[in-house]
1. Going toward the positive end of the dipole of region A:29-128, with +1 on Lys and Arg Cβ and -1 on Asp and Glu Cβ, which of A:Ile44, A:Ser110, A:Leu89 do you reach last?
2. Report the Rg/Rh value for region A:2-212, based on alpha-carbon coordinates and the Kirkwood definition of Rh.
3. Taking the simple approach of a point 7 Å from Cα along Cα-to-Cβ for both A:Glu156 and A:Lys190, what is their distance in nm?
4. What ranking of A:Val170, A:Val182, B:Val81, A:Val210 emerges when the number of other C-beta atoms within 10 Å of each C-beta is taken as an exposure proxy, fewest first?
5. ³J(HN,Hα) across region B:104-121 via Karplus (A = 6.51, B = -1.76, C = 1.60, θ = phi - 60°), whole Hz, x for Gly/Pro?
6. Compute the distance from the alpha-carbon center of region A:65-120 to that of region A:136-206, in whole Å.
7. Would you mind giving the mean number of other chain beta-carbons within 10 Å of the Cβ of each residue in A:68-81, as a whole number?
8. What distance in nm separates the two pseudo spin-label positions at A:Lys78 and A:Phe31, each 7 Å out from Cα along the beta-carbon direction?
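Taken together, the values in this text are just the output of simple stated rules run on the coordinates, not laboratory data. Predicted model only: the values in this text are computed from it and were never measured. Note that we place each Cβ from the backbone using ideal geometry, even for glycine, and neighbour counts take in every protein chain shown.
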Amino acid sequence: MRYVLFALLGMGLFIPNVQARPVSYPGGWTFMFMNDGDANTAHIHYSPTADMSVGYKFENWRDKEFTLNAVQVNNLIKRWNKKHSQANLYLKSGLGIAHSDRDDFDSETSAAGFTGLATDWENRRFFVSYENRYTEAGEIDDFFKQSARVGWAPYEGDYGDTHTWLMLQVDHTPEGGDNFTVTPLVRFFKDVHLLEAGMNNNGELLFNYVLRY
Amino acid sequence: MKKLILLTTVLTLSFSLPVYAMNDGHDHDHGGEAAEMGEKAALDLKSGDAKVAVNGLVCDFCARALEKVFGKQEAVNAIDVNLDTKIISVSFNDGQTLDDEALTGLITDAGYNVESIDRVE
């Protein structure tokens, strides 16, 4: 499985972030609540600089039947600022404790960690992103997941307006039964609030909310 | 356990990654009172105020980042971010200013790049 980890790290160098940006401006706090067919997560982070954030991550993997509490560090490895676009490459890693007392597990607790690369490109009308992650949770589980997203804004809002994006997200978990899911979603973005809602091809809901200040 | 050691190493390296994500790095004092920010209307600029062309301004988060950073500068009265023109207008308090190097440093520290700086005559 170590080879998979190296493979995903290498792959991320060449493949074009699925979620909102994992690093904020210097002194910025971000609260991210993500819910989809696989997991419910909460991530609170602080950015001391524009290229790093550190925070707390909670994840509840419903089908995988475990929870994860971790310290997560996000690094902006490289940003490409152009006049009409921006692209980013991030490393996102965490270490913590996984716990499960469901079904096969009798109050199993294990050290756990994850790492992965995320990259995105966007201008004011189009958005493309890719993210991968390998998770190791000791005796409980280990798995790889990757996601990609494309987006289109039907209009260019001014600063302070409500911004609307129509997006399509594809998730791939090689070990899963339904290893590919496709989720059309809509993103609304105004001031410090970002909200996303959608439903995948299995009828599972996606609902994300991000607060950044 | 080997995998966890590997992940621990990655996380440790994350803390020690050098600051090279952006093209330029500056270290500036960000002290001072918060300026009046968030105005949607273009500012009424006076002589000595700055109009800065910035690369990478693609969304409200970008604009808000610059407002936050400039809001900590005592010399700054207000700024206006125009996502269409990619120009931020900086209005200074009477008798105060920031030189081009300081403006560039603030914008670079926020994660963006300066294309040009023009002063109001």
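1. Toward the positive end, the furthest listed residue is A:Leu89.
2. 0.95
3. About 2.2 nm separates the two model spin labels.
4. Working: A:Val170 17, A:Val182 12, B:Val81 27, A:Val210 21.
Sorted ascending by nearby Cβ count, the order is A:Val182, A:Val170, A:Val210, B:Val81.
5. Each residue's phi maps through the Karplus curve to give 4, x, 4, 5, 5, 4, 7, x, 10, 10, 8, 8, 6, 10, 10, 9, 6, 5 Hz.
6. Region A:65-120 and region A:136-206 have Cα centres spaced 16 Å from each other.
7. Values: counts 0, 0, 1, 1, 2, 7, 1, 7, 6, 4, 4, 7, 5, 15.
Per-residue shielding by partner chains comes out at 4.
8. So the label points at A:Lys78 and A:Phe31 sit 3.6 nm apart.
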